[in-house]
């Protein structure tokens, strides 16, 4: 028995007239009669009581009608879900992010816009150490990651920058350099102990410009942890400028770095050849988004 047999039976059961049901279905009445007889033979039950003037459902027909309608409705639901999933309207997207993405607002903006367009897609967002994210994306455990650039990536992944900003210095409030009225020159940090975040490029660039090798006293990774250790006097830090507007922590002072800005940014990282419709939909949204400036 096929789905069309159920549709034929439902049409006759609702019309209680073979001619009218056949017309509605777009087939000849004799053909419809043959189809109903096939159903009855398959079920070994009489579904309709027929006279020259009327057609009525038997008890077996009434019972079968309930299940036939349920089966057709379930099929329609499955068909609809499959089509919506194919359009990227259903499914699941696993996001990974570093703190910079949340502080910049990039993560929130992308998720909010995507949920507005596709409210039935489940989004799972988790913070990860930045160094782990490329492998997690390649392995399929994370679909899209929001990271602090620059970051070294394999050829199977690509990026789209969503936010541009620069690095600045963060110091304990009691540090002598915290009292400076003008931006700090890179060589002023020679001899300092550094608390470094996951993205070390800012710290290393300050060392290159100041012609010294940074002394790393601690590497807690996350930005809040970096600021906390700086506030406790462990050392100084070179962090994204976005923190000056996003975080207020006691006993820390942010200072601009003199000279050409040390640029960085937040980017989305994703598989170059993505196949999952829901993930592709979010990637399309991301790649259509111009980068903001911090």
TODO: Give, as residue ranges, the helices (runs of 4 or more DSSP H) completely inside the stretch 86-143 that count at least 2 residues that are over 13 Å from the mean Cα position of the chain (by Cα) and within 16 Å of residue 274 (Cα to Cα).
DONE: 133-139
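Okay, residues lined up against (1) in the same structural domain as residue 247 (by TED's automatic domain parsing); (2) touching a residue at least 40 places away in the same chain (Cβ under 8 Å); (3) within 39 Å of the chain's Cα centre (by Cα); (4) assigned to a loop (DSSP other than H, G, I, E, B):
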{"position": "7", "(1), (2), (3), (4)": "no, yes, no, no"}
{"position": "10", "(1), (2), (3), (4)": "no, yes, no, no"}
{"position": "14", "(1), (2), (3), (4)": "no, no, no, no"}
{"position": "21", "(1), (2), (3), (4)": "no, no, no, no"}
{"position": "24", "(1), (2), (3), (4)": "no, no, no, no"}
{"position": "64", "(1), (2), (3), (4)": "no, yes, no, no"}
{"position": "71", "(1), (2), (3), (4)": "no, yes, yes, no"}
{"position": "79", "(1), (2), (3), (4)": "no, no, yes, no"}
Task: Residues of the stretch 32-62 classified as touching a residue at least 24 places away in the same chain (Cβ under 8 Å) and surrounded by fewer than 12 Cβ atoms within 10 Å (Cβ to Cβ), total - done: 2
Task: Subset of the stretch 204-219 that is surrounded by fewer than 24 Cβ atoms within 10 Å (Cβ to Cβ) and in contact with a strand residue (DSSP E or B) (Cβ under 6 Å, 6 or more places away or on another chain) - its residue that is nearest to residue 263 (Cα to Cα) - done: 214
Task: Qualifying positions in the stretch 154-179 - part of a loop (DSSP other than H, G, I, E, B) and surrounded by 17 or more Cβ atoms within 10 Å (Cβ to Cβ) - done: 175
- [ ] Quick one: in the stretch 239-264, of everything that is at pLDDT 90 or above and in a strand (DSSP E or B), which residue is surrounded by the fewest Cβ atoms within 10 Å (Cβ to Cβ)?
- [x] 263
Task: Exclusive hit being within 28 Å of residue 138 (Cα to Cα) and at pLDDT 95 or above, set 196, 230, 236 - done: 196
Open item on the list: Looking at 222, 191, can you tell me which residue is more than 22 Å from residue 147 (Cβ to Cβ) and surrounded by fewer than 20 Cβ atoms within 10 Å (Cβ to Cβ)?
Closed with: 191
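The values are calculated or read from the model by the stated rules, or taken from the named source; none is laboratory data. A quick note: this is a predicted structure, and the numbers were derived from the prediction, not measured. Cβ atoms come from the backbone with ideal geometry, glycine included; neighbour counts cover every protein chain shown.
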